[in-house]
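Here's the structure, in structure tokens; my notes come after.
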Amino acid sequence: MWKKILGLGASKREKDLVSLYDRVPKEKRPRHIAIIMDGNGRWAEGKGLIRTAGHRAGVGTLRDILHVCVDLGIEVLTVYAFSTENWKRPRPEVDFLMSLFSEYLEKEIQEMEDNHVRLRFLGREDGMSEALLGKMHAAEARLAGNDGLQFNIAANYGGQDEILRAVRTLAARARAGEVAPEDIDETMLAGALDTAGQPPVDLVIRTSGDLRLSNFLLWQAAYAEFWFTETNWPDFTPEEFVGALVDFAQRKRRFGGLNPSDGK
Ligand code: IPE
Ligand code: IPE
Ligand code: MG
């Protein structure tokens, strides 16, 4: 459990939160949760602040949600931090986000290490500075031997771009005679994606009211459940997150088939 959340001095809120965990039975917890952390700008604008203040506030939410995922024993958490389309934003906002990633890695890595978190970045490397890439690789390497939560940060990530890169990899292998085109199947393609070796997404959460995927995990979310909230990311709480998991636990997933009680 994340720094023994229930240790001496645990606040009432923490205790209440941990008691909420019991409402999500272990066997009904999603293995892979993917979050579109949206609404930082709207949060800031609503408070008369500059947009970047929203991004900074959002880091605190991410920290809390990561704690809860560790506590609940979730296998994989993927968060959408920066899309391949987000380069269209004004340069100062992009620069701010890049420096925030760097600061985030510096500040949070020790706690991730203490809690056995493994880290992987999903997405393209081009466009990111050498300094930032160096920190990203160093953080991945430092946490690579851990066996706890797999934490994926999608940064400079687009689902279409990821599939295209995987297809190119497989096409090159086919051209080299290593694989026959007719042997390329779903498993092989999944293994060429940035999430290779990880389970598919069970639950996609998007904050801030927009009902779209915005190019996130297009392949991996093929049979995911969706959960949306109007809450802007900086205001999203562990309690609301656990509420989403309670809701997920009640969903009936059919994967194209029938539930045991159906079709009789
Ligand atoms: C999400 O918040 C964070 C990133 C896309 C980096 P936004 O910045 O998209 O916030 P809104 O959607 O404009 O409110
Ligand atoms: C998706 O949010 C990307 C991230 C949260 C990083 P956007 O704010 O970029 O998505 P759109 O433009 O509203 O679809
Ligand atoms: Mg947005």
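A short reminder: the numbers here are calculations on the coordinates, not readings from a lab. The structure presented is a predicted model; accordingly, all values stated were derived computationally and were not measured. No Cβ is skipped: glycine too gets one built from the backbone with ideal geometry, and neighbour counts run over all protein chains shown.
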Worksheet item: GNM on the chain, C-alpha springs below 10 Å: top fluctuator among THR61, THR195, THR169?
Response: THR169
Worksheet entry | Of GLU162, GLU106, GLU186, the one that fluctuates the most in a GNM where the chain has Cα springs shorter than 10 Å | GLU186
Response to the item:
With CYS69 itself left out, Lys, Arg at +1 and Asp, Glu at -1 over residues whose Cβ is under 12 Å from its Cβ give 0
Worksheet entry | For ARG254, ARG51, order by how many other beta-carbon atoms lie within 10 Å, fewest first | ARG254, ARG51
Worksheet item: How big, on average over all directions, is the shadow cast by the Cα convex hull of the stretch 193-250, in nm²?
Response: 4.6 nm²
Worksheet item: Of TRP87, TRP43, how do they rank once you tally other Cβ atoms within 10 Å and put the fewest first?
Response: TRP87, TRP43
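For the pair ARG13 and GLU45, what calculated FRET efficiency results from E = 1/(1 + (r/R0)^6), where r is the Cβ-Cβ distance and R0 = 30 Å, to the nearest 0.05?
0.60
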Practice prompt. Would you kindly work out the equivalent ellipsoid of the stretch 133-264 from its C-alpha gyration tensor and give its semi-axes, the square roots of five times the eigenvalues, largest first in whole Å?
Written response: 30, 24, 15
Worksheet, complete the sentence: With no solvent term and unit scatterers on the alpha-carbon positions of the stretch 16-107, Debye gives log₁₀ I(q)/I(0) at q = 0.13, 0.15, 0.24 Å⁻¹ of -0.55, -0.70, -1.26
Worksheet entry | Per-selection metrics, the stretch 55-173 (Cα): Rg and Dmax in Å | 14.8, 44
Worksheet item: At a Förster distance of 35 Å, what's the computed FRET efficiency of ARG168 paired with ARG91, Cβ-Cβ distance as r, to 0.05?
Response: 0.75
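When N is the residue count of the stretch 38-88, what does its C-alpha Rg come to as a fraction of 2.2 N^0.38 Å?
Here the Cα radius of gyration is 1.35 times the empirical estimate.
Which order results if VAL59, VAL70 are arranged by neighbouring Cβ count within 10 Å, fewest first?
Result, fewest neighbours first: VAL59, VAL70.
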Discussion item. On alpha carbon coordinates alone, what is the Rg over Rh value for the chain, Rh being the Kirkwood radius?
Written reply: 0.98
Practice prompt. Given the options ALA196, ALA224, ALA172, state which has the largest fluctuation in a GNM of the chain using a 10 Å cut-off (strictly under) for Cα springs.
Written response: ALA172
Worksheet item: In the stretch 75-204, what % of DSSP beta bridges are antiparallel (nearest 5)?
Response: 0 percent
